[in-house]
Amino acid sequence: MSVATDTGVKARVHPSPNHGERPEGVAVDMVVLHYTGMPSAEAALQRLCDPRSEVSAHYVVNEDGSILQCVPEARRAWHAGRSSWKGASDINSRSIGVEIVNPGHEHGYRPFPEAQIEAVIALVGDICTRHGIQLWMVLGHSDIAPARKEDPGELFPWDRLAEAGVGLYVTPFPIRTGLLMQEGDSGQPVEALQTMLALYGYELDITGDFDLKTRQVVAAFQRHFRPEKVDGVADQSTIETLNALLRKLPSLSS
Ligand SMILES: [Zn+2]
């Protein structure tokens, strides 16, 4: 007998014991995308289903495009860890976690195959439609944990997803020489940059000092939205791209 999945997209159930109750009254309003970061898909799946690991995700998308559901969407999967977005810190309670098979930066980071990306688009599109999740709430693990995480990384084609109506993205502004801000700088322009990043959702104190945390957040922003150069330096291209994204947020465009 086959067990039903939550998604309208073709998937099969591969249960993980690693989940808990979602708190009452908290709506699912985010999707968090990860890469598995393990040498093989088998090793990743084993870890996500091992009670000793205490990690899981709702879905795993294989490189061939096949999809496994490990945790029912109604349950709280354990994928985000210590993280934060738009002032909220219990991300697991309000999100769906999707693990995308890729060895990651530690084990041979490589491009995501076409079949896998098509499957991610179909799955995440379906999740967003069913839960009424906003475009800008489709995020990477690195967005919500910039000091700890790099996944799904700069090779992940967020532009392809956005073309298919999944997630928010604007064409990055071209990289040119010119003014930039970097670690060690301080002053009003740094304060303005920190304010913009925090407004978009990143957890960052507005101090006016371009510190390590600011560099990590700028790098996380670049990894998602300006992947050509991920260096934690706020150049004009980074700032203009951030500005263009902010203008797409409804609270700021009206
Ligand atoms: Zn992750």
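The values are calculated or read from the model by the stated rules, or taken from the named source; none is laboratory data. Being a predicted model, the structure only gives us computed values, none of them experimental. Glycine also receives a Cβ, built like all others from the backbone with ideal geometry; neighbour counts cover every protein chain displayed. For the accessible areas, the whole protein counts, side chains as well, though only heavy atoms, and no ligand, DNA or RNA atoms are used. Shrake-Rupley method; radii C 1.70, N 1.55, O 1.52, S 1.80 Å.
Accessible area per residue was computed with a 1.4 Å probe on protein heavy atoms; D29 scores about 40 Å².
Using the Kirkwood radius over C-alpha pairs as Rh, can you work out the diffusion coefficient of the chain via Stokes-Einstein at 37 °C, viscosity 0.692 mPa s, in µm² per second?
Result for D is 176 µm²/s.
Can you check what the net charge comes to around T7, using other residues whose Cβ is under 11 Å from the Cβ of T7 (Lys, Arg +1; Asp, Glu -1)? Residues near T7 contribute 0 overall.
Using the alpha-carbon centroid of each, what span in Å lies between the range 142-156 and the range 87-138? Result: 12 Å between the Cα centres.
Cβ under 9 Å from Q222's Cβ, Q222 left aside: what net charge do those residues give with Lys, Arg +1 and Asp, Glu -1? Every neighbour counted, the sum reads 0.
I'd like the accessible area for S186, computed on protein heavy atoms only with a 1.4 Å probe and all protein chains in place. Round to 10 Å², please. Rounded to the nearest 10, the figure is 80 Å².
Keeping the other protein chains in place, figure out the carbon and sulfur percent of the accessible area of the range 182-234, with a 1.4 Å probe.
Whole-percent figure for carbon plus sulfur exposure: 46.
Evaluated at q = 0.15, 0.16, 0.28 Å⁻¹, a Debye calculation over the C-alpha positions of the range 181-254 (equal weights, vacuum) places log10 I(q)/I(0) at -0.43, -0.49, -1.42. For the set K86/K248; K10/K149; K149/K229, the pairs lying more than 26 angstrom apart at their alpha carbons are K10/K149.
For R76, the amide hydrogen comes within under 5 Å of the amide hydrogens of G20, E21, R22, counting only partners 5 or more places away or on other chains and with H modelled in the peptide plane. Here, the range 1-144 is characterised by an Rg to Rh ratio of 0.93, where Rg is the alpha-carbon radius of gyration and Rh the Kirkwood radius. When the residues F221, F112, F173 are ordered by accessible surface, computed with a 1.4 Å probe over the protein chains alone, the sequence from largest down reads F173, F112, F221.
Of all DSSP beta bridges located in the chain, what percent are antiparallel, nearest 5? Could you put the intermediate results ahead of the total?
Details: 10 of 24 bridges.
The antiparallel fraction comes to roughly 40 percent.
Rolling a 1.4 Å probe over the protein heavy atoms gives the range 1-113 an accessible area of 48 Å² per residue.
Note on the range 1-86: Kirkwood radius taken over Cα pairs, Stokes-Einstein applied at 4 °C and 1.567 mPa s, translational D equal to 94 µm² s⁻¹. Calculated accessible area for the range 116-254 comes out at 44 Å² per residue, all protein chains present (probe 1.4 Å; ligands, DNA, RNA ignored). Electrostatic bookkeeping for L45 treats Lys and Arg as +1 and Asp and Glu as -1; over the other residues with beta carbon under 15 Å from its beta carbon, the sum is -2.
Helix content alone sets the calculated 222 nm mean residue ellipticity of the chain: runs of n ≥ 4 DSSP H residues at -39500 (n - 2.57) each, divided across all residues, give -9500 deg cm²/dmol.
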